[in-house]
Amino acid sequence: MDARQLKVEAARAALAYVGDGMRLGIGTGTTAEEFVRLLAEKVATGIKVIGVPTSERTAALCRELGVPLSTLEDTPELDLTVDGADEIDPDLTLIKGGGGALLREKIVAAASGRMIVIADKSKLVGTLGRFPLPIEVNQFGLRATEIAVGAAAAKLGLSGPVTLRMTGSQPFVTDGGHFILDASFGRIPDTRALSNALFAIPGVVEHGLFIGLASTAIIAGGDGIETVHVARKPGSSIDHDVA
Ligand SMILES: O=C[C@H](O)[C@H](O)[C@H](O)COP(=O)(O)O
């Protein structure tokens, strides 16, 4: 099975969680796009859902394929968000933002009763950090924010290049009008500490660590689909089941 087929299989498994009348958060990225395609087929059979897209890119695809859309203003409480990820650890803490949609993705996930992350097996890691951490920052004071990010990381024993994401010769600009710094700190043993340290920097708008948001991961590999559930309660355990 090729990489695209694995994404399709993960997306197909997530579709089983979508029920009639649901208000859905719809993620961004190549895996989430496969979910949108399958969702559109389900919508064509008559199921009624309303989607809140996490990016302009996803919104455009939904419109093209006929998935009914709303906004978070009109539909502020969602039943379920389905989204991809750049990395997934055993506790379902995620790194997201490789496609630059992390801010809207996090707002939408936080407004959802449940977040399901879909991915191929290559996204699973023991400890997050192989993928550079996207940090969304205000354009104002970029250099000062960049220095502060490096200093905050250093206090936690983390170091590595922090680079401004570019599109050709221009900085990449998010749907919210911000820049993205990609921080290659390597392994992040304490994601909560790094999250807190980044949020203490005024120029940081959001970062790509998704902590305590996803409760289910659907992972597609050559040997089938693995579904991981994490109960989102203090002291809860992690269940794994393989189908
Ligand atoms: O900003 C983009 C998102 O966080 C994506 O969900 C993430 O980058 C994974 O994308 P893909 O499914 O294309 O690997």
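The values are calculated or read from the model by the stated rules, or taken from the named source; none is laboratory data. Just so you know, these numbers come straight off a predicted model, no measurement behind them. With ideal geometry, Cβ positions are generated from the backbone for all residues, glycine too; neighbour counts draw on all protein chains shown. Ligands, DNA and RNA are stripped out before the accessible areas are found, and what is left, the full protein with its side chains, is counted by its heavy atoms. Shrake-Rupley method; radii C 1.70, N 1.55, O 1.52, S 1.80 Å.
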- prompt: Based on DSSP H runs of at least 4 residues, each adding -39500 (n - 2.57), what is the mean residue ellipticity at 222 nm of the chain after dividing by all its residues, to the nearest 500 deg cm²/dmol?
  reply: -9000 deg cm²/dmol
statement: So the angle from the long Cα axis of helix 56-65 to the longest Cα principal axis of the chain, reported in degrees to the nearest 10, equals 10
message: Distance between the C-alpha centers of the stretch 51-79 and the stretch 161-236? Whole Å please.
response: 22
Within a Gaussian network of the chain (alpha carbon springs, distance under 10 Å), most fluctuating of ASP89, ASP120, ASP74: ASP74
query: Share of antiparallel DSSP beta bridges in the stretch 81-238, in percent to the nearest 5?
result: 75
statement: Heavy-atom accessible area of the chain with neighbours in place, 1.4 angstrom probe: carbon+sulfur share in percent works out to 55
- request: Identify all lysines with a Cα-Cα distance to LYS121 below 24 Å; exclude those on the same chain that are fewer than 8 residues away in sequence.
  value: LYS7, LYS96, LYS106
- request: Would you please report the Å³ per residue occupied by the convex hull of the alpha carbon atoms in the chain?
  value: 132
query: So which trypsin sites (Lys or Arg not before Pro) in the stretch 1-61 end up in coil per DSSP with only 15 or fewer other C-beta atoms within 10 Å?
result: LYS48
Kirkwood Rh and Cα Rg combined as Rg/Rh, the stretch 7-99: 0.95
query: Which ³J(HN,Hα) values, rounded to whole Hz and listed in residue order, are derived for the stretch 17-24 from phi using the Karplus coefficients 6.51, -1.76 and 1.60 in 6.51 cos²θ - 1.76 cosθ + 1.60 with θ = phi - 60°, glycine and proline given as x?
result: 8, 8, x, 4, x, 6, 9, 10
